[in-house]
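Student: Please see the structure below; I have some questions.
The values are calculated or read from the model by the stated rules, or taken from the named source; none is laboratory data. What you see is a predicted model; the values in this text were computed from it and never measured. A quick note on method: Cβ atoms are made from the backbone with ideal geometry, for glycine too, and the neighbour counts reach across all protein chains shown. Keep in mind that these areas ignore ligands, DNA and RNA; they rest on the heavy atoms of the full protein, side chains included. Shrake-Rupley method; radii C 1.70, N 1.55, O 1.52, S 1.80 Å.
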Number of protein chains: 2
Amino acid sequence: MSKEAQAGGDEPATGAGIQRVFEALASAPRRRILAYLSHSSLTAGEIAARFDMSKPSISQHLNVLEVAGLIARERKGQFVHYSLVENNLANTLNGFVQDVCPVARPIKRESKALAAAKGREKAEG
Amino acid sequence: MSKEAQAGGDEPATGAGIQRVFEALASAPRRRILAYLSHSSLTAGEIAARFDMSKPSISQHLNVLEVAGLIARERKGQFVHYSLVENNLANTLNGFVQDVCPVARPIKRESKALAAAKGREKAEG
DNA sequence: CCAGAAATTAGGTCATTGCCTAATTATCTA
DNA sequence: TAGATAATTAGGCAATGACCTAATTTCTGG
């Protein structure tokens, strides 16, 4: 398993990947893109159509999200489909919260269970 | 209860507070400060001493974190003590993850329980 | 009151980000 | 192959952010 692709699993919250993730999330349009993709995969054009912003700008946002490992792209003919990389966001943020927030530490085992459950889901899905 | 002070409780992940939180978290030094404060409260000077950075720069970072509602300041004589606002970080990130990450949605009730438990903890103190 | 320490504010520089338009690449179809 | 559509890359510009030094505020102790 590639370390960066599935960041958040065991990687400490001080790793290199987490920086890109938080930078990616610091932008409202990018968070909005993630929200859209949480409902269904979309082409770059479909995403751009939902914004009052030029296509190249959206393309840049998509690139930032992809480099952060939060979304995946797949070319299909002349279209490029984007989809959420589901584990990464939750795991990265979860890992960080566990490092920083004392309250959250007790649920460390739960998040572990969550990751396991997700693994199962993927395998069955 | 002030809405912004305890952001993340019911506030949608599209609110104004979340933007400040994510911007605050986009900086490695600021995340490091949060990690320090998760172990104990510290004065501005004690925090600055842990960084290879000027005190004014640290002061600015502290201000960003405070405006985001992630830390609290308390003046004691000539010192200023900073401490973590524990609920806010976990709740804000949790709320966002629930909005975006399909896997995480089923644990919505758990996070609610977590918030409740935290309330109790605070009250018993 | 004055010297000194803690912390912030003020002001300036430099790099980065976010947006745009124009140009380019890749693909489909007639 | 030519023309149209999807998407990206290239390049430029304004705004923002992160750092610094110097100056200021706020408190303590002699």
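Student: Say R0 is 41 Å: what FRET efficiency, to the nearest 0.05, do A:Arg32 and B:Arg32 get from their beta-carbon distance?
Tutor: Given R0 = 41 Å and the Cβ-Cβ separation, E is 0.90.
Student: Turning to a different aspect of this structure: Based on the Cβ-Cβ distance of B:Ser54 and A:Asn63, what FRET efficiency does E = 1/(1 + (r/R0)^6) give at R0 = 41 Å, to the nearest 0.05?
Tutor: Working: r = 34 Å, r/R0 = 0.83.
Efficiency, rounded to the nearest 0.05: 0.75.
Student: With every protein chain kept in the model, how would you rank B:Tyr82, B:Tyr36 by accessible area, 1.4 Å probe, largest at the top?
Tutor: Listed by decreasing accessible area, they come as B:Tyr36, B:Tyr82.
Student: From the label point of B:Glu46, set 7 Å from Cα along Cα→Cβ, how far away are the matching label points in the other copies, in nm, ordered shortest to longest?
Tutor: 5.3
Student: Using θ = phi - 60° and the Karplus curve 6.51 cos²θ - 1.76 cosθ + 1.60, what whole-Hz ³J(HN,Hα) does each residue of the stretch B:62-72 get, with Gly and Pro shown as x?
Tutor: After applying 6.51 cos²θ - 1.76 cosθ + 1.60, I find 4, 5, 4, 5, 6, 4, 6, x, 8, 10, 10 Hz.
Student: Assume the label is 7 Å from Cα along Cα to beta carbon: what separations in nm does A:Pro29 have to the matching positions in the other copies?
Tutor: 2.8
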